[in-house]
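These notes are about the structure you will find just below.
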Ligand SMILES: *[C@@H]1O[C@H](CO)[C@@H](O)[C@H](O)[C@H]1NC(C)=O
Ligand SMILES: *[C@@H]1O[C@H](CO)[C@@H](O)[C@H](O)[C@H]1NC(C)=O
Ligand SMILES: *[C@@H]1O[C@H](CO)[C@@H](O)[C@H](O)[C@H]1NC(C)=O
Ligand SMILES: [Zn+2]
């Protein structure tokens with residue numbers, strides 16, 4: 001009797017597991033608006049045969065950029081040159097195999113406070129080495145040469161920059177003014193976000209219901225009023241929540257807990273009903289704890305995978321109060337401002353060029369060892385990390 005019931009539950013387990021895999025594997029998330037990552041479109045991305053052949057390793061620039069530039073030709077040309085420079089810089093440190101397609105809007109926002117932003121155009125669910133499904137940025141998925149693979153979007157990265165800013169361009173060969181921002185530095189930073197330097201933890205759950213932030217969750221699939229689960233991005237596989245320098249929890253285990261708040265495939269009448277149910281569950285305390293970690297210095301830590309450029313972990317930005325959508329978590333801590341990992345801090349100081357900062361920190365590339373170890377951990381190949389951990393794709 002006992003063995004039979006174990007057998008039955010095991011079978012049920014396998015059934016649920018495969019069912020769950022198939023459902024998730026058919027849905028991808030598109031992010032059409034780089035300026036607002038809460039704008040998500042859940043799309044079907046069916047199994048597709050791989051037709052891409054690897055690009056020559058000697059390729060100097062793996063980034064193919066389409067510009068939608070609505071200002072004068074001279075300024076648009078500066079933007080184009082800056083993107084070529086940034087593409088070359090990244091192609092030097094990552095051993096890419098496939099072209100990364102970027103679409104860039106350069107328009108006047110009529111708002112001096114915004115610089116611009118870039119993000120992955122599509123995120124794709126794959127199975128990580130620990131058998132957990134996570135979302136991967138399409139630019140990275142292409143490098144894995146999966147055959148077949150979930151259907152790709154035409155674009156890998158979408159970027160939108162404010163033409164109304166006080167930009168400084170390297171190719172002008174003039175000194176930077178105190179209020180100017182180095183455009184080359186900013187786009188390098190933004191492209192690295194687009195490559196996958198991005199945590200899924202945010203306040204979208206409440207934000208999309210116009211509620212004030214009381215907790216953070218990983219990204220989630222809510223499709224046709226059905227809840228299909230909370231999911232980490234691959235970045236989060238390495239994120240730890242710390243308290244007094246010791247690990248309290250991994251992002252993965254908080255995600256696991258939050259997935260028990262509401263059963264997957266539960267239908268709701270409205271999105272608000274779903275939010276109410278999650279927030280009234282006993283699991284909401286994990287979302288509250290995640291928020292506290294996100295606003296307490298030294299409480300978020302990226303512990304890189306083995307065999308990467310740096311085995312030292314990196315503190316993530318958790319010193320902003322209140323929680324700042326887009327600035328908290330998905331950056332290295334401001335303590336790295338004057339170190340080789342300065343590029344991925346949340347703010348960029350005006351009046352300083354990328355070259356000056358690289359000289360100041362005395363490093364050979366704008367992409368520091370900590371940033372590189374993060375990109376290697378999520379799966380990018382480099383000279384120091386020739387065999388990164390790769391995900392798998394299970395399909396019918
Ligand atoms: C540029 O973007 C605008 C706004 O999305 C669009 O209407 C226009 O067709 C685009 N231009 C080109 C040349 O693709
Ligand atoms: C975190 O540390 C930074 C730098 O020391 C400080 O400016 C900031 O106010 C701190 N944040 C919090 C939430 O204590
Ligand atoms: C810069 O780094 C190089 C190589 O690590 C080192 O030899 C040199 O002394 C450093 N220079 C300064 C000014 O710190
Ligand atoms: Zn950023």
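Assessment of segment 244-257 against the conditions (more than 30 Å from residue 369 (Cα to Cα), modelled with pLDDT of 95 or more, in a helix (DSSP H, G or I) and away from ligand 4 (no atom under 16 Å from the Cβ)) yields at least one matching residue. For segment 97-118, the set of residues classified as away from ligand 1 (no atom under 15 Å from the Cβ) and assigned to a strand (DSSP E or B) consists of 100, 117, 118, listed by residue number.
Let's see how each residue does on (1) surrounded by fewer than 20 Cβ atoms within 10 Å (Cβ to Cβ); (2) without any contact (Cβ under 8 Å) to a residue 60 or more places away in the chain; (3) more than 15 Å from ligand 4 (Cβ to nearest atom):
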position	(1), (2), (3)
264	yes, no, yes
292	yes, yes, yes
305	yes, no, yes
308	no, no, yes
320	yes, yes, no
344	no, no, no
358	yes, yes, yes
363	yes, yes, yes
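Of all residues in segment 163-185, which are in contact with a helix residue (DSSP H, G or I) (Cβ under 9 Å, 6 or more places away or on another chain) and away from ligand 1 (no atom under 16 Å from the Cβ)? Within segment 163-185, 165, 167, 168, 169, 170, 171, 172, 176, 182, 183, 184, 185 qualify.
Within segment 202-243, the set of residues being in contact with a helix residue (DSSP H, G or I) (Cβ under 6 Å, 6 or more places away or on another chain), assigned to a strand (DSSP E or B) and under 26 Å from residue 388 (Cα atoms) comprises 230, 239, 241.
Just one of the listed residues (318, 330) is within 17 Å of the chain's Cα centre (by Cα), in a loop (DSSP other than H, G, I, E, B) and either modelled with pLDDT under 95 or within 16 Å of ligand 2 (Cβ to nearest atom) (or both), namely 318. Here is a check on your reading of the model: is residue 357 more than 21 Å from the chain's Cα centre (by Cα), farther than 30 Å from residue 133 by Cα and outside any loop (DSSP other than H, G, I, E, B)? Taking the combined requirement at face value, the residue satisfies it. One residue alone among 65, 41 is crowded, with 18+ Cβ neighbours inside 10 Å, modelled with pLDDT of 95 or more, within 17 Å of residue 158 (Cα to Cα) and within 16 Å of ligand 1 (Cβ to nearest atom), and that residue is 65.
Looking only at residues in segment 272-299 that are part of a loop (DSSP other than H, G, I, E, B) and over 24 Å from residue 225 (Cα atoms), which one is nearest to ligand 1 (Cβ to nearest atom)?
295
Here residue 74 clears all of (1) closer than 16 Å to residue 167 by Cα; (2) more than 16 Å from ligand 4 (Cβ to nearest atom); (3) crowded, with 16+ Cβ neighbours inside 10 Å except the condition numbered (3). One residue stands out among those in segment 300-314 that are touching a helix residue (DSSP H, G or I) at 6+ places or on another chain (Cβ under 8 Å) and in a strand (DSSP E or B): the one that is nearest to residue 365 (Cα to Cα), which is 314. Scanning segment 147-181 for residues that are more than 23 Å from the chain's Cα centre (by Cα) and assigned to a strand (DSSP E or B) yields 167, 168, 181. Look at residue 194 and say whether it is assigned to a helix (DSSP H, G or I) and touching a strand residue (DSSP E or B) at 6+ places or on another chain (Cβ under 7 Å). Against the criterion (assigned to a helix (DSSP H, G or I) and touching a strand residue (DSSP E or B) at 6+ places or on another chain (Cβ under 7 Å)), residue 194 qualifies. Of the residues that make up segment 119-142, is at least one more than 16 Å from ligand 2 (Cβ to nearest atom), part of a strand (DSSP E or B) and farther than 22 Å from residue 46 by Cα? Yes, some residue in segment 119-142 is more than 16 Å from ligand 2 (Cβ to nearest atom), part of a strand (DSSP E or B) and farther than 22 Å from residue 46 by Cα.
Here segment 33-66 is the region considered, the condition is being assigned to a strand (DSSP E or B) and closer than 28 Å to residue 381 by Cα, and the residue that is nearest to ligand 2 (Cβ to nearest atom) is 63.
For segment 65-81, a residue qualifies if it is out of contact with any strand residue (DSSP E or B) (no Cβ under 9 Å at 6 or more places or on another chain) and touching a residue at least 40 places away in the same chain (Cβ under 8 Å), and exactly one does: 81. Return only the number of the condition from (1) surrounded by 15 or more Cβ atoms within 10 Å (Cβ to Cβ); (2) within 16 Å of ligand 4 (Cβ to nearest atom); (3) under 18 Å from the mean Cα position of the chain (by Cα) that residue 240 does not satisfy. For residue 240, the exception is condition (2). Screening residue 184 against (1) in contact with a strand residue (DSSP E or B) (Cβ under 8 Å, 6 or more places away or on another chain); (2) buried (at least 22 other Cβ atoms within 10 Å of the Cβ) leaves a single unmet condition, (1).
The values are calculated or read from the model by the stated rules, or taken from the named source; none is laboratory data. The model shown is predicted, which means the values in this text are computed figures rather than measured ones. Every residue, glycine among them, receives a Cβ derived from its backbone with ideal geometry; neighbour counts consider all protein chains shown.
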